[in-house]
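Asker: Mind having a look at this structure? Questions to follow.
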Amino acid sequence: MKKNVIYLIFIMFLSFQLIANAAFAKVNILEISATNQSRILLSSYLGVLEDSTGNLTLADIQKEDDAQRFQTDFTADKPLNMSYTLSAYWLRLELENNSDKPIERVLDIDHPLLEKLDFYFQTENQNYQTVHTGYSQPLESRPYKSRIFAFPIVLAAHSRHTVYLRVQTENAMIIPVLLWVPNDFHIKERNEYSIQAIYFGLVIAIALLNIIFALVSKEFDYLLYVCMIIFVALSFIGNRGFGSEFLWQDLTWLNRIAPLAFGSIALTSQLFFVRRMLDTPILVPKIDRILKLFIGVQLIIPVVLLFTFQFAKFVPTILAISAFFALTVSVIGMRKGARNAYFLFAAFSLLAIGVIGNAMLVLALVPANIFTIHSSQIGSVLELIVFTFLLIDRYQLIREEKQKNAMQLMIAHDENKLLNLQVNQMQKLESISRLTSGIAHDFNNILTGMLGYNELNKFYSDDIKDDALRADILNNSIQVEKAGYRAVDLIKKMMAYSRQGTIKTDITVKPTIEIIHEVLAMVRPGLTSIFKIELDAHTDLDIQIDAIDLHQILTNLLVNARDAMKENGGEIMVSLKVVTISNSICTSCGKLVSGEFIVLSIQDHGTGIEEEIIHRIFDPFFTTKVVGEGTGLGLSTVSGMVHHSNGHVFVDSKTSPPNQGTAFKLFFPVR
């Protein structure tokens, strides 16, 4: 009884093993007829055997024990996907033609990144037609000279054929095996080339447009964008197999790394582009450091892939994280109100939708059509178009900014010209004033003599006996006297005008800080961007000087400071404070000065004044400027007005080392 139970268990175990082996080795036979659909995805008809050693031969796998190891029952609507693996894989397909005529078909493996692909087709005489191809082999080894791997086959009438495929690659092993009616296959190929021609045509057009923008605007961002476009295109060229077909047929290493390496460089350019468009070092300094880290990682990837392609399985994840981070940065930019961030977010979103669509196609979540098959490229070209709109918008902003700057420069030039005219006019008026003063002084001396002699004539007229003559002479003297005193009044007015007379005229005093701000507001537009004015003033200090005089003093000194730095520009310092000095000599009048004073100082960092001519700078008509640029009356006017208000002038100047400049310090009494 016990022995029977053991036999029963053994038989049951053997039966289960045979059933399992039969199920595991089950291969669906695909019956081919003239009425079959034009395209069949063969995943569910394939038997798959993993060769982890890579040493199995066709003879090995045809043995009965190996034949039973073929795995079946793969999902019908998904291509086989082994991802990154070091194993080789054998595929077995059974085709049967029960019709009375031979049938032609094309076996298509639409994935260019298969390094080694061996094709074995069992003919009528039980021999095998053999083709060894893959991207590591010359293009001439392919039965169908194309970027993909296609094998024309003929199924004899009433026959069964076995097809073996051996696949090995260091790239992601995706094996979409399809069976086509030849005419439909050729139509599919023509459509594919047409779509790629449209895509790359758009890419080239966008690149040329941005090269034109770069040449016109001389902006580096456009060249950076062109670089990104080029490497995006090269990545698709490598991924779609056009590189091995047209550009680098014999470079196996480039066929292997092209999609990932060029994609990494394209993403590096994209991250650089994001960094410049959003100015992340200023907008988000902490995030910018992470962005630079991602850029560094992306730059290293192509180098690492050259030395060890085993790293390739990590690259898609790194690329995805980097792309997501770029999208995150654009969102942060939008929250901070950066105009460019909205364009960047839209572009990244469109690309992400395209990539997701392609992934859904691979996972058979969406049907295969012209849009889903090329969704990643559609997303890519839409991204490039949005980026182009971004750069067009940026070009418009740059153009408007340049026009604004040009207008400001033109206005500044006009105002500068007007300011120079005002200064020259003031200097001319001062020249006239001095001339008037000299004439008035001499004329006053002449009038004094004339009126004196007229008084003598009146005195001596009393001795004339002839009453009529005496009356005439006295009348004439009176008229001369009247005319003389009118002339004296006129001279007094002339002397007052020239500020050289002894008449005390009323002055208008305004808050000194108010006058300073008025003059700075007038002078600033006449200064270019290479000049800067700094003000350090105690607002409660007021100099007792006529507002017009102070206005003219400041204008003269600020214009002189500007002229001293016209080559390289620099900073002009204006200060107002109280100081106490002892036994200091006025540069203008030479008097010894001591006490507490309000000091108005104007300092530049220009060429300075030679020591031997400092004592001459306040002389009328003395100037170091070229003919036509100065009258030599500006500093003379300043000195006269300062001293008229009981003030003094001190000058500190150095010519070496360079850019030490000159300081004019105007000392006024504290009242």
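The values are calculated or read from the model by the stated rules, or taken from the named source; none is laboratory data. What you see is a predicted model, and the numbers here were worked out from it, not measured in a lab. Neighbour counts run over all protein chains shown; Cβ positions are idealised from the backbone, glycine included.
Asker: Does region 561-572 contain at least one residue that is in contact with a strand residue (DSSP E or B) (Cβ under 9 Å, 6 or more places away or on another chain), buried (at least 21 other Cβ atoms within 10 Å of the Cβ) and in a strand (DSSP E or B)?
Answerer: yes
Asker: Would region 479-488 turn up any residue that is at pLDDT 75 or above, of a type in the set (A, V, I, L, M) and either under 30 Å from Leu447 (Cα atoms) or not assigned by TED's automatic domain parsing to the domain that holds Asn444 (or both)?
Answerer: Taking every residue of region 479-488 in turn, none turns out to be at pLDDT 75 or above, of a type in the set (A, V, I, L, M) and either under 30 Å from Leu447 (Cα atoms) or not assigned by TED's automatic domain parsing to the domain that holds Asn444 (or both).
Asker: Inside region 153-168, can you point out the residues that are in a loop (DSSP other than H, G, I, E, B) and closer than 17 Å to Leu179 by Cα?
Answerer: Listed by number, the list holds a single entry, Ala156.
Asker: Just name the residue that is nearest to Asn81 (Cα to Cα) out of those in region 41-62 that are among the β-branched types (Val, Ile, Thr) and crowded, with 18+ Cβ neighbours inside 10 Å.
Answerer: Result: Val48.
Asker: Right, here's the next one. I'm trying to understand the selection: among the residues of region 228-265, which are of a type in the set (Gly, Ala, Ser) and either surrounded by fewer than 18 Cβ atoms within 10 Å (Cβ to Cβ) or more than 28 Å from the chain's Cα centre (by Cα) (or both)?
Answerer: Gly238, Gly241, Gly243, Ser244, Ala258, listed by residue number.
Results for (1) out of contact with any helix residue (DSSP H, G or I) (no Cβ under 7 Å at 6 or more places or on another chain); (2) modelled with pLDDT of 50 or more, shown as yes or no for each residue.
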residue: Gln17; (1), (2): yes, no
residue: Ser43; (1), (2): yes, yes
residue: Val48; (1), (2): yes, yes
residue: Ala59; (1), (2): yes, yes
residue: Asp65; (1), (2): yes, yes
residue: Gln68; (1), (2): no, yes
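Asker: Just checking, does region 182-194 include any residue being of a type in the set (Val, Ile, Thr) and either modelled with pLDDT under 90 or surrounded by 15 or more Cβ atoms within 10 Å (Cβ to Cβ) (or both)?
Answerer: no
Asker: Further question on the same structure: Among the residues of region 181-209, what is the count of those that are in a helix (DSSP H, G or I), in contact (Cβ under 8 Å) with a residue 60 or more places away in the chain and among the aliphatic types (A, V, I, L, M)?
Answerer: Qualifying residue count for the region: 5.
Asker: Pull up region 147-180, narrow it to residues that are among the aromatic types (Phe, Trp, Tyr) and touching a residue at least 60 places away in the same chain (Cβ under 8 Å), then point me to the one that is farthest from Ser99 (Cα to Cα).
Answerer: Checked region 147-180; the qualifying residue farthest from Ser99 (Cα to Cα) is Tyr164.
Asker: Kindly list the number of the only condition in (1) under 20 Å from Arg671 (Cα atoms); (2) crowded, with 18+ Cβ neighbours inside 10 Å that fails for Leu541.
Answerer: (2)
Asker: Only one of these is modelled with pLDDT of 90 or more, outside the structural domain of Met173 (by TED's automatic domain parsing), of a type outside the set (D, E, K, R) and over 24 Å from Phe343 (Cα atoms): Ile257, Ile230. Name it.
Answerer: Ile257
Asker: I need a count of the residues in region 573-607 that are among the charged types (D, E, K, R), outside any strand (DSSP E or B) and over 23 Å from Phe531 (Cβ atoms).
Answerer: 1
Asker: Considering only region 78-93, I want to know if a residue exists there that is touching a residue at least 12 places away in the same chain (Cβ under 8 Å), surrounded by fewer than 20 Cβ atoms within 10 Å (Cβ to Cβ) and farther than 25 Å from Pro259 by Cβ.
Answerer: Scanning region 78-93, I find no residue that is touching a residue at least 12 places away in the same chain (Cβ under 8 Å), surrounded by fewer than 20 Cβ atoms within 10 Å (Cβ to Cβ) and farther than 25 Å from Pro259 by Cβ, so the answer is no.
Asker: Would you please name the residue that is modelled with the lowest pLDDT, looking only at residues in region 489-521 that are among the hydrophobic types (A, V, I, L, M, F, W, C) and more than 60 Å from the chain's Cα centre (by Cα)?
Answerer: Applying the filter and picking the extreme gives Ile503.
Asker: Given the conditions (1) crowded, with 18+ Cβ neighbours inside 10 Å; (2) at pLDDT 90 or above, and given that Ala157 satisfies all but one, which numbered condition is not satisfied?
Answerer: (1)
Asker: Look at Glu629 and say whether it is at pLDDT below 70, surrounded by fewer than 21 Cβ atoms within 10 Å (Cβ to Cβ), in the same structural domain as Ile553 (by TED's automatic domain parsing) and not β-branched (Val, Ile, Thr).
Answerer: Considered against the rule, which asks whether it is at pLDDT below 70, surrounded by fewer than 21 Cβ atoms within 10 Å (Cβ to Cβ), in the same structural domain as Ile553 (by TED's automatic domain parsing) and not β-branched (Val, Ile, Thr), Glu629 comes out as yes.
Asker: Going by the conditions given, is Ile103 touching a strand residue (DSSP E or B) at 6+ places or on another chain (Cβ under 8 Å) and under 16 Å from Leu46 (Cβ atoms)?
Answerer: Considered against the rule, which asks whether it is touching a strand residue (DSSP E or B) at 6+ places or on another chain (Cβ under 8 Å) and under 16 Å from Leu46 (Cβ atoms), Ile103 comes out as no.
Asker: Okay, next question. Scan (1) crowded, with 16+ Cβ neighbours inside 10 Å; (2) modelled with pLDDT of 85 or more; (3) over 45 Å from the mean Cα position of the chain (by Cα); (4) not small (Gly, Ala, Ser) for the single condition Leu592 breaks and write down its number.
Answerer: (1)
Asker: What do you reckon, is Glu415 surrounded by 14 or more Cβ atoms within 10 Å (Cβ to Cβ), touching a Gly at 6+ places or on another chain (Cβ under 9 Å), modelled with pLDDT under 70 and not β-branched (Val, Ile, Thr)?
Answerer: Spelling it out, Glu415 is indeed surrounded by 14 or more Cβ atoms within 10 Å (Cβ to Cβ), touching a Gly at 6+ places or on another chain (Cβ under 9 Å), modelled with pLDDT under 70 and not β-branched (Val, Ile, Thr).
Asker: Across region 390-407, which residue is farthest from Leu224 (Cα to Cα) among those that are surrounded by 13 or more Cβ atoms within 10 Å (Cβ to Cβ) and modelled with pLDDT under 80?
Answerer: Here the answer is Ile398.
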